[in-house]
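The structure under discussion appears below in the form of structure tokens.
Derivation of every value follows stated rules applied to the coordinates shown; laboratory data play no part. This one's a predicted model, so the numbers in the text were calculated from it and none came from an experiment. No Cβ is skipped: glycine too gets one built from the backbone with ideal geometry, and neighbour counts run over all protein chains shown.
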């Protein structure tokens, strides 16, 4: 099996049809597993963040949740306005998943090193993908997408280069996507400047993953621990926290319900929303 090849979905087209037929009063979100989300606003503006339908890089990283949709079918049925990437890792910038969405007409919004991967992989070699679709952003930028206002903020992800986070204001509520970032000054600054209704933060266990160079499993820690995700949520002053990434990789999975025990004594978040792949949330 090739590294990060596109997985075949056995979910049919029910999820993209659910998104396409939805008529939100404010902002509706569907969790795609890993760190992916689909957002749909009341005016129909639709944004996809960090979608990933790859299989991982077995035996190092092995996907543990279903592939939720076929990208070509998703592009045809949902017709998203934009795809956002938080950083350059393969489960956040993934050509087989994301290129069909861009070929279908979506803009691609990402920081510089994420776009460097896009260009190295030759996405413009595919029909319907042109350089005009790519939009580089950095912390401090603001992008208007239909009724949505997207503010680009910094992120503390020691495993990535030039990662960003996104604050998305739908008028009726605000959603924060932190990528794979951990607590730090960047999150504290965001929490001081925004009123965030729902925030997605990567969370998982540490584990032993096979390393080809070493020829044996080695220790890996990529995401926030339960204590760290609680600290990050408090820094961001979230009303609701939805833990992400806990479901994805064999050996790094964790129980998102445990996060509640770590957040109880903090002022924020006021609630922890446990979402499984395919679940729908509303603002």
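So which residues in segment 267-283 are closer than 16 Å to residue 19 by Cβ and surrounded by fewer than 18 Cβ atoms within 10 Å (Cβ to Cβ), if there are any at all?
Matches in segment 267-283: 278, 279, 280, 282.
Take the residues in segment 138-149 that are surrounded by 15 or more Cβ atoms within 10 Å (Cβ to Cβ) and either free of Cβ contacts under 8 Å to residues at least 24 places away in the same chain or in contact with a helix residue (DSSP H, G or I) (Cβ under 9 Å, 6 or more places away or on another chain) (or both), then tell me which one is nearest to residue 101 (Cα to Cα). Break it down into steps so the answer makes sense when it comes.
Going through segment 138-149, the residues surrounded by 15 or more Cβ atoms within 10 Å (Cβ to Cβ) turn out to be 139, 141, 143, 145-149.
Right, trim to either free of Cβ contacts under 8 Å to residues at least 24 places away in the same chain or in contact with a helix residue (DSSP H, G or I) (Cβ under 9 Å, 6 or more places away or on another chain) (or both) and you get 139, 141, 149.
Working: 139: 24, 141: 23, 149: 21 Å.
In this case the residue turns out to be 149.
Please work out which residue is nearest to residue 58 (Cα to Cα), limiting yourself to segment 252-275 and to residues that are in contact (Cβ under 8 Å) with a residue 60 or more places away in the chain and in contact with a strand residue (DSSP E or B) (Cβ under 6 Å, 6 or more places away or on another chain).
275
Scan the strands (runs of 3 or more DSSP E) fully inside segment 178-248 and keep the ones with 2 or more residues being within 16 Å of the chain's Cα centre (by Cα).
198-202, 240-244
With (1) assigned to a helix (DSSP H, G or I); (2) over 21 Å from residue 153 (Cα atoms) as the list, and residue 113 as the residue in question, which single condition is left unmet?
Failed condition: (2).
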